[in-house]
Each structure stands twice: as C-alpha cells, then as structure tokens.
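Novice: This is the structure I want to talk about, given as structure tokens.
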Amino acid sequence: MGVTKEQVESSLKSKLSPSHLEVVDVSGGCGAKFTVEIVSEQFEGKRLLERHRMVNAALSEELKEIHALSITKALAPNQWEQQQESEKSQAAV
C-alpha cells in the first residue's frame, strides 16, 4: 500500500508546525501523487527553493514511495495573509 494523505499531513505537521496545511491525494487513492499547500513560520526569510527543500526533507521517508509531489504553495504567514487579503479584495471587485 502507498502513502496516505494522513501520513503526509502528520509528517509535515510534526516537522514544520504549519499554521495552514492542505494535502490532496491526486492519484485516485493509491498514494502516489500529492499536492501540498503549506504555511509555516519556519519559512520566514527563506527562499522558495529552500522552502521546497524543507518540505522534501520533512517527507524524506514518504518520498521513497511517492511518485510525484507538487508543492503548490510554501509561504511564510505574512505572505499567506497578504495573499488572502489580495484574493478577498479581487473577489469584491
């Protein structure tokens, strides 16, 4: 059996303490492909590549069985808040 969404969430929560986390299994339930949207204070001051490496490191065991991981967002909390405000103001227009 492949990796579960809950395993991915658990590893990311324990290692990166996200304030927002969304994990989606896009493999149809076999645990081979996931998308991740994550917001963590640990990303503060880090470049995007460093953030992605942190996510990959947090999932090092799971990545042995995962075919594809798409990190759609890896943001610091202040970036997340700015993005949410921007989306709300665009929706109001």
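The values are calculated or read from the model by the stated rules, or taken from the named source; none is laboratory data. Bear in mind the structure is a predicted one, so any value in this text is a computation, not a measurement. Quick reminder, even Gly has a Cβ in these numbers, built from the backbone with ideal geometry, and neighbours come from all protein chains shown. Side chains included, ligands, DNA and RNA excluded: accessible areas come from the protein's heavy atoms. Shrake-Rupley method; radii C 1.70, N 1.55, O 1.52, S 1.80 Å.
Novice: Taking the options GLU22, GLU65, GLU9, name whichever one is over 12 Å from the mean Cα position of the chain (by Cα) and of a type in the set (D, E, K, R).
Specialist: Working: GLU22 fails: over 12 Å from the mean Cα position of the chain (by Cα); GLU9 fails: over 12 Å from the mean Cα position of the chain (by Cα).
Being over 12 Å from the mean Cα position of the chain (by Cα) and of a type in the set (D, E, K, R) holds for just one of GLU22, GLU65, GLU9, which is GLU65.
Novice: Among the residues of the stretch 9-26, is any open to solvent by 70 Å² or more (accessible area, probe 1.4 Å), without any contact (Cβ under 8 Å) to a residue 60 or more places away in the chain and touching a Gly at 6+ places or on another chain (Cβ under 9 Å)?
Specialist: no
Novice: Inspect the stretch 55-63 for any residue being polar (S, T, N, Q) and in a loop (DSSP other than H, G, I, E, B) and give the result as yes or no. Explain how you work it out, then say what you get.
Specialist: First pass over the stretch 55-63, keeping only residues polar (S, T, N, Q): 56, 60.
Checking the rest, the ones that are also in a loop (DSSP other than H, G, I, E, B) come to 60.
Within the stretch 55-63 (the criterion being polar (S, T, N, Q) and in a loop (DSSP other than H, G, I, E, B)), the answer is yes, since at least one residue qualifies.
Novice: Against the definition (open to solvent by less than 30 Å² (accessible area, probe 1.4 Å) and either modelled with pLDDT under 95 or on the phi > 0 side of the Ramachandran plot (or both)), how does ILE66 come out, yes or no? Outline the logic, then answer.
Specialist: Working: open to solvent by less than 30 Å² (accessible area, probe 1.4 Å): yes; either modelled with pLDDT under 95 or on the phi > 0 side of the Ramachandran plot (or both): yes.
Against the criterion (open to solvent by less than 30 Å² (accessible area, probe 1.4 Å) and either modelled with pLDDT under 95 or on the phi > 0 side of the Ramachandran plot (or both)), ILE66 qualifies.
Novice: Additional query: Taking the stretch 30-45 as the search range and keeping residues that are farther than 15 Å from SER70 by Cβ and open to solvent by less than 50 Å² (accessible area, probe 1.4 Å), which one is farthest from the chain's Cα centre (by Cα)? Write out each step before concluding.
Specialist: So the first thing to find is which residues in the stretch 30-45 are farther than 15 Å from SER70 by Cβ, and the list is 30, 39-45.
Narrowing further to those that are open to solvent by less than 50 Å² (accessible area, probe 1.4 Å): 39-40, 43.
On the way: VAL39: 7, SER40: 9, PHE43: 11 Å.
Among those that are farther than 15 Å from SER70 by Cβ and open to solvent by less than 50 Å² (accessible area, probe 1.4 Å), it is PHE43.
Novice: Which of the residues belonging to the stretch 10-27 are within 15 Å of GLU65 (Cα to Cα) and outside any strand (DSSP E or B)?
Specialist: Taking the stretch 10-27 and keeping what is within 15 Å of GLU65 (Cα to Cα), we get 11, 25-27.
Result: SER11, VAL26, SER27.
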